[in-house]
Amino acid sequence: MTTRTRMSAVGAAVMIAALTGMASEGWAAYPERAVTLVVGSVPGSGPDVLARSMSEELGRNLGQPVVVENQPGAAGNVAAAAVSRSDPDGYKLFIGTINMAIATWLPKEPPFDPATDFAIVGQVASIPNIMVVTPELGVNTVDEFIALAKEKPGEINYSSPGVGSLQHLGTDQFATATEVSMVHIPYRGGAAATKSVLANETQMFMAGMPPALPHIKSGKLIALAVSSTERSPLTPDVPTLNETVMPGYSAEAWYGIFLAKGTPDAIVNKLNAAFNEVLKDPAVIQRFNNAGAEIRTGTPRQFADLVAKESARWKKTLTDLGLAGSR
């Protein structure tokens, strides 16, 4: 190597080091302005409540305001797609739900894959579903329900918030595992599905935990089991499907934070640490509990693995039902 070549190589190395240092310093200073946390549903919805439960404390942790912005539409896919196309600078976050891992495989799939088209920050919560039945059915346990369903194949209707929803797919997995035959009646949203079982138009519903609790406490609905691997602290006397008839079963609505793909790891890790810290705050914990949510923390890799696993799982279920698209 000539002297001139060596000097050029040294100069290039110095320039790369300088640029790397500048980039590192820029990431270390993040955030330097307000951060937007996008919610793909209306104010007062589950994701919105969780986002607002964290935003103030998260802003204090980051040293900049965190603004919650609602962009409802297409079950959250409008907001998710917008964030996936945003600048990868960490200033636009999205609180995503399990719907992302399901919707990507439907025929009118969104223009993204949650497992590959985002930078993944981490999980923040999960909310189990709870299997409820109308009192008119005359059953009080899962075993009694299964026995009745086998005695009257095709005579029990179950509701869901729509075809391809978590409640639809989770109930189908239950029916397959227990070899019972039921009729699926899809509705436009969870509220309508709940009203149907209250009116005995349908007899069973894998309901979201928060909206179902008042009806369970009043005796208008009978709780048979929860869909999480462990019992919910909100209904400690209600067993899980995992401990009764479906060992290993879990179908929970998870919530987590996503960023545009290509966001620097330094920003992803800083946000992960900030969310994990905020989720230790007693006020935040209480707000999550009030919303029926169970706090989940961990690393970006842990949540990325969960998203990939869930995406593959629900793709198989949709394919088995003949509902999967051609992605």
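Tabulated data for the structure shown
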| quantity | calculated |
| --- | --- |
| Which numbered condition VAL163 misses (of (1) assigned to a loop (DSSP other than H, G, I, E, B); (2) out of contact with any helix residue (DSSP H, G or I) (no Cβ under 9 Å at 6 or more places or on another chain); (3) closer than 19 Å to SER126 by Cα) | (3) |
| Tally of residues being touching a residue at least 40 places away in the same chain (Cβ under 8 Å) and either under 19 Å from THR141 (Cα atoms) or not in a strand (DSSP E or B) (or both) across segment 251-284 | 20 |
| Tally of residues being in contact with a strand residue (DSSP E or B) (Cβ under 9 Å, 6 or more places away or on another chain) and surrounded by 16 or more Cβ atoms within 10 Å (Cβ to Cβ) across segment 73-87 | 8 |
| From the options PRO210, PRO214, residue that is in contact (Cβ under 8 Å) with a residue 24 or more places away in the chain, assigned to a helix (DSSP H, G or I), assigned by TED's automatic domain parsing to the domain that holds LYS150 and farther than 15 Å from GLY164 by Cα | PRO210 |
| Selection status of ASN70, buried (at least 19 other Cβ atoms within 10 Å of the Cβ), within 29 Å of the chain's Cα centre (by Cα) and either farther than 21 Å from ALA266 by Cα or modelled with pLDDT under 95 (or both) | no |
| Helices (runs of 4 or more DSSP H) fully within segment 28-137 counting 1 or more residues that are farther than 21 Å from SER250 by Cβ and without any contact (Cβ under 8 Å) to a residue 40 or more places away in the chain | 46-62, 77-84 |
| Single condition LEU221 does not satisfy, out of (1) closer than 23 Å to PRO236 by Cα; (2) without any contact (Cβ under 8 Å) to a residue 40 or more places away in the chain; (3) in contact with a His (Cβ under 9 Å, 6 or more places away or on another chain) | (2) |
| Top-ranked residue in segment 222-239 [being of a type outside the set (Gly, Ala, Ser) and more than 25 Å from GLY96 (Cα to Cα); ranked as surrounded by the fewest Cβ atoms within 10 Å (Cβ to Cβ)] | ASP237 |
| Only one of VAL132, VAL124 that is of a type outside the set (Lys, Arg), closer than 30 Å to LYS280 by Cβ and at pLDDT 95 or above | VAL124 |
| Some residue of segment 308-320 being touching a Pro at 6+ places or on another chain (Cβ under 6 Å) and in the same structural domain as THR36 (by TED's automatic domain parsing) | no |
| Among residues of segment 183-207, those that are outside any helix (DSSP H, G or I), surrounded by fewer than 22 Cβ atoms within 10 Å (Cβ to Cβ) and in contact with a strand residue (DSSP E or B) (Cβ under 9 Å, 6 or more places away or on another chain), counted | 6 |
| Residue check, ASN269 modelled with pLDDT of 95 or more, surrounded by fewer than 18 Cβ atoms within 10 Å (Cβ to Cβ) and in the same structural domain as SER45 (by TED's automatic domain parsing) | yes |
| Where GLY21 falls short, out of the listed (1) surrounded by fewer than 10 Cβ atoms within 10 Å (Cβ to Cβ); (2) at pLDDT below 55; (3) not hydrophobic (A, V, I, L, M, F, W, C) | (1) |
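The values are calculated or read from the model by the stated rules, or taken from the named source; none is laboratory data. Everything numeric in this text was worked out from a predicted model, so none of it was measured. Note: ideal-geometry Cβ built from the backbone for every residue, glycine included; neighbour counts use all protein chains shown.
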